[in-house]
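To start, the structure under review is shown below, and the notes come after it.
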There are 2 protein chains.
Amino acid sequence: MPRDTLTREQIVKAAIDLLDDEGLEGLNMRALGKRLGSAATAVYWHVGSKDNLITLAGDEVWHQIALPDLATMDWRTAATQMATDLHAMLTRHSWLVQAFGSYMIFGPGKARHDDHGYAVYEAAGFTGAQADQAAATVFTFVLGNALVPAAAASFTKKLGRDGGNAEALMHESMAKAHEIAAQFPRLRARLDTAATDYAATPDNTFQFGLQAILDGLEAQLGAHSTPSDLASPSAAGGDASAEHARIGDV
Amino acid sequence: MPRDTLTREQIVKAAIDLLDDEGLEGLNMRALGKRLGSAATAVYWHVGSKDNLITLAGDEVWHQIALPDLATMDWRTAATQMATDLHAMLTRHSWLVQAFGSYMIFGPGKARHDDHGYAVYEAAGFTGAQADQAAATVFTFVLGNALVPAAAASFTKKLGRDGGNAEALMHESMAKAHEIAAQFPRLRARLDTAATDYAATPDNTFQFGLQAILDGLEAQLGAHSTPSDLASPSAAGGDASAEHARIGDV
DNA sequence: CGTCCTACTTGAACGCAGTGCAAGTCGCTG
DNA sequence: CAGCGACTTGCACTGCGTTCAAGTAGGACG
């Protein structure tokens, strides 16, 4: 084997770096080749296609999120930690959320994460399909929460790529948004309090939503009628005298 | 004016149709021109750019969702209806979810929807930032819930475009996913019960998650009084700053 | 030491997609 | 009828994903 050979891992790592820097639309094979110090087409021998490379990169980053030890903490803490870690990871790699909408991202990395996710909700006392749905609910919320910031990041990067007057264009588009919002009473009110910034969905919203969801899930578990939330003593309802929670049918 | 002139509305409508048929990556100006019976470049006079066209189309569809009358139903019914309508709309136009990750979609259509969304949660009793967060939580969940199905649809359409052996490729990629999943105990168990179909996240999950979230929100209403927020001692994604959102654009 | 095989790299080139441009075309208005 | 302005069109440029035939290099084997 030649000494200075590219490796799949090296390529995937470089792709992740490039994606972090330039966003999903900023990734192209020639730029990647340059970053690797090789011809663009050399990459094809190792990864086959750009789609496949993105799939690879999109799975790799899941390894960055830690899997909490369920033996040393109650499920709610574990769930919060996993969701928060995922949130942070998606913020770091905002291109992943976009990729999630266009590619089937599933590999060892995500599988490892999903598996542990199920473990958390099974430890909570959910059984069978309920554990799946609980996990999916939280997962889905975290994903959706990352979508708008991802769009903002993508937009910003595109402006930066298109020309020098990025500031001006950004300002213009914000101004137009304000103008539209001003025509609706509640949106207008939010404009005044300056709470509505398209680019920055506050982290508070994430924590608020996450805890609300976990509250809702917890309620399904034991019907432990203490709405005073917070307290999450080790639920571990033994074997889930799982009340058949009522689910809205279609 | 010449008699057979294109109009912006006509173009946007054709674009939506094409997007529904072919997906986000299937939309290109020449195909759109053909569908309109005109040259591809004629479109540019009316909409400026493809990005702008997508922004226009992506806002237009929001008008399809109904705004429940808050005077004749309780907030939870209204919230459920709005979320369900949104869910249905996103399923109809799965490209929109992808577009949401790459473009800043905000116009009169979405503004109208958002405004009413806030109205619902204010009617519920949430005040100020809490109403925003409640609305964002549900909205975000619905969006995230549509993401994976959108990816599946996109993937299928791409396969259909690439060549005739779509079935084979689809089968192969599912087989690979199964193989990976089989290495993780909980995923493997789900494989056996045949509950895991990547392309079809059951609608049950949506209803389950939505009701759980509304449960959680409802609980916050009753147990008011503590703005000291959230349990979760750990986590702390970083700045747990005040409710004053920072505005910084990038 | 030479030779071959395999693993890998490269540059040229093809096709498609977004889009700017200059030259139309058509109908209305003066 | 001349001309203007609203629209349309074909051409062509660029950038990107990808293919392909032609390399190159290092180890294995004789």
Quick one: if you stick a label point 7 Å off each Cα along the C-beta vector at B:N204 and A:S173, how many nm between them? 4.1
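Partner chain Cβ atoms within 10 Å, averaged over the residues of A:131-138 - can you pull that number for me? Before the final figure, lay out the partial values.
Details: counts 2, 10, 8, 4, 2, 10, 11, 4.
Taking all residues of A:131-138 together, the mean is 6.
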Which pairs break 30 Å Cα to Cα here: A:K110/B:K158; B:K110/B:K176; A:K158/B:K34; B:K110/B:K158? B:K110/B:K176
How large is Rg over Rh for segment B:67-220, taking Rg from the Cα atoms and Rh as the Kirkwood inverse mean of 1/r across Cα pairs? 1.06
Å³ per residue enclosed by the Cα convex hull of segment B:1-157: 121
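Go through B:T205, B:T77, B:T41 and list them by solvent-accessible area, largest first, probe radius 1.4 Å. Please list the in-between numbers first.
Working: B:T205 10, B:T77 65, B:T41 105 Å².
Sorted by accessible area, descending: B:T41, B:T77, B:T205.
Summing both sides, how much accessible area is buried between B and A? Use a 1.4 Å probe and give Å² to the nearest 100. Kindly include the intermediate steps, with their values, before the conclusion.
Numbers: alone 15590 and 14910 Å², together 23520 Å².
Buried surface at the B/A interface: approximately 7000 Å².
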Taking beta carbons within 10 Å but only from partner chains, what does the mean come to for residues A:172-183? 3
Over segment A:66-222, what percent of the accessible surface lies on carbon and sulfur atoms, probe 1.4 Å? 58
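Give the accessible surface of segment B:67-220 per residue, rounded to a whole number of Å², with probe radius 1.4 Å and ligands, DNA and RNA excluded. List each step's numbers first, then the result.
Values: 6080 Å² over 154 residues.
That works out to 39 Å² for each residue.
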For label points placed 7 Å from Cα toward Cβ, what is the shortest-first list of nm distances from B:G160 to its copies? 3.7
Excluding ligands and nucleic acids, what accessible area in Å² is computed for B:H171 using a 1.4 Å probe, to the nearest 10? 130
Label geometry 7 Å along the beta-carbon vector: B:Q183 inter-copy distances in nm: 5.4
At A:A39, label 7 Å along Cα→Cβ: distances to the other copies, nm, ascending? 3.8
Rh_Kirkwood(segment A:24-91) over Cα pairs, Å, one decimal, evaluates to 14.5
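The values are calculated or read from the model by the stated rules, or taken from the named source; none is laboratory data. Not measured: the values here are computed from a predicted model. A quick note on method: Cβ atoms are made from the backbone with ideal geometry, for glycine too, and the neighbour counts reach across all protein chains shown. Ligands, DNA and RNA are stripped out before the accessible areas are found, and what is left, the full protein with its side chains, is counted by its heavy atoms. Shrake-Rupley method; radii C 1.70, N 1.55, O 1.52, S 1.80 Å.
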